[in-house]
Amino acid sequence: MLRKVLQSPVPQLLFQSLLSARDSSPRCLSSLATTLTTNNAVSYVTLSNPAKRNALSLEMLNQIIENIESVTPVSRCIVIQSTGSVFSSGHDLKELAASSQEMQHTIFNRCNDLMVMIANSPVPVMASVDGFATAAGCQLVAACHMALCSETSKFATPGVNIGLFCSTPGVQLGRAVNRKLAMDMLLTGEPITAAAAVTGGLVSRVLPSSEELQSETERLADVIASKSSPVIKLGISNFNRQISKPLVDAADLSSETMVRNLGMSDGKEGLDAFLQKRHPSWDQDK
């Protein structure tokens, strides 16, 4: 069965996650919503507000966008990860409830800016999920080029349970998984397991433990960073452009891209290295 609904008191935990913004106790010890580190051309954007279950407040959204903008020119891979047991509980509902309609528009538009930025990023963006990813947090995972998660991670779009249909998360979710699974999640609000997420296409790999998730995230990020950045950029651009085109148009566009790729410096170097049975030396490494 493609989707396994959890049979446990999960709804209570899920709502605790989703409604984190309504917890008024002063448990957030840091004014920074994210932290940013870079290692060997891989940048790690860490959602660092576990006391608020990494809710995507306007401050958090702005910081993620600023982080990605700042490292895109110098990074070959960007990883979005988190601290705490919740990857992200989605929008800060207390913030939304207290906002005017104009501010609500601002918050949702800023969230859209982030999701589109990730999809169009010339640098691969990978989500590393260890815990719950709900509502806009699930949307963030769906927006990334790749996503890994631990075996105990869960994903949900539970807004319908409180009268707030997850319409914006459905944009990325509906483009990452098949429509039946997307509507199942959106209409029931029930969580899916990591196994169902990888089967449905929301994540690309599932790791048995948090430690193995971290190790595999770092390994894959380093693998991607070892490739030619101009070639990766060209490939992402072509993939995004061709995916919405009719079959023949997509094939024609991609053929043109292949010819362009062969004419690139790194394309020529890669082909020469293959024929000469040696490792390629990319322009970025010289």
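The values are calculated or read from the model by the stated rules, or taken from the named source; none is laboratory data. Fair warning: this is a prediction, and the values are worked out from it, not measured in the lab. For neighbour counting, all protein chains shown are included, and Cβ atoms are generated from backbone atoms with ideal geometry for every residue, glycine included. All accessible areas refer to the heavy atoms of the entire protein, side chains included, with ligands and DNA or RNA removed. Shrake-Rupley method; radii C 1.70, N 1.55, O 1.52, S 1.80 Å.
The one condition from (1) surrounded by fewer than 20 Cβ atoms within 10 Å (Cβ to Cβ); (2) touching a helix residue (DSSP H, G or I) at 6+ places or on another chain (Cβ under 8 Å); (3) not in a helix (DSSP H, G or I); (4) not polar (S, T, N, Q) that Met126 does not meet is (1).
The residues on offer are Thr193, Thr157, and the sole one that is modelled with pLDDT of 95 or more and within 27 Å of Gln104 (Cβ to Cβ) is Thr157. Filtering region 166-190 to residues that are of a type in the set (A, V, I, L, M) and more than 26 Å from Ile107 (Cβ to Cβ) leaves only Leu181. Based on what the data block shows, is Leu56 in contact (Cβ under 8 Å) with a residue 24 or more places away in the chain, out of contact with any strand residue (DSSP E or B) (no Cβ under 8 Å at 6 or more places or on another chain) and open to solvent by less than 30 Å² (accessible area, probe 1.4 Å)? So Leu56 fails the test.
Residues that are hydroxyl-bearing (Ser, Thr, Tyr), over 18 Å from Gly84 (Cα atoms) and surrounded by fewer than 16 Cβ atoms within 10 Å (Cβ to Cβ) do not occur anywhere in region 153-160. One residue alone among Ala156, Ala142, Ala119, Ala133 is under 17 Å from Leu213 (Cα atoms), aliphatic (A, V, I, L, M) and under 15 Å from the mean Cα position of the chain (by Cα), and that residue is Ala133.
Condition check ((1) free of Cβ contacts under 8 Å to residues at least 24 places away in the same chain; (2) closer than 22 Å to Thr157 by Cα; (3) out of contact with any strand residue (DSSP E or B) (no Cβ under 9 Å at 6 or more places or on another chain)) across all residues:
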site	(1), (2), (3)
Ile68	no, no, no
Thr72	no, no, no
Ile80	no, yes, no
Glu95	no, yes, yes
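Please pick out the residue among Ser244, Ser229, Ser255, Ser281 that is touching a residue at least 24 places away in the same chain (Cβ under 8 Å) and among the small types (Gly, Ala, Ser). After applying the criteria, what remains is Ser229.
Among the residues in region 227-247, are any more than 26 Å from the chain's Cα centre (by Cα) and over 26 Å from Val74 (Cα atoms)? Yes, the conditions are met somewhere in region 227-247. Of all residues in region 80-116, those satisfying the criterion of being open to solvent by 50 Å² or more (accessible area, probe 1.4 Å) and of a type in the set (A, V, I, L, M, F, W, C) are Ala97, Ala98, Met103, Phe108, Val116.
Conditions tested, residue by residue: (1) of a type outside the set (A, V, I, L, M, F, W, C); (2) modelled with pLDDT of 95 or more; (3) farther than 24 Å from Ser226 by Cβ; (4) outside any loop (DSSP other than H, G, I, E, B).
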position: Ser43; (1), (2), (3), (4): yes, yes, no, yes
position: Ile65; (1), (2), (3), (4): no, yes, yes, yes
position: Pro73; (1), (2), (3), (4): yes, no, no, no
position: Val79; (1), (2), (3), (4): no, yes, no, yes
position: Phe87; (1), (2), (3), (4): no, yes, yes, yes
position: Met103; (1), (2), (3), (4): no, yes, yes, yes
position: Cys111; (1), (2), (3), (4): no, yes, yes, yes
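Among the residues of region 177-203, the one identified as open to solvent by 30 Å² or more (accessible area, probe 1.4 Å) and touching a Cys at 6+ places or on another chain (Cβ under 9 Å) is Val198. In this structure, does Ser215 turn out to be at pLDDT 95 or above, over 28 Å from Gly131 (Cα atoms), within 21 Å of the chain's Cα centre (by Cα) and surrounded by 12 or more Cβ atoms within 10 Å (Cβ to Cβ)? For Ser215, the condition - at pLDDT 95 or above, over 28 Å from Gly131 (Cα atoms), within 21 Å of the chain's Cα centre (by Cα) and surrounded by 12 or more Cβ atoms within 10 Å (Cβ to Cβ) - is not met.
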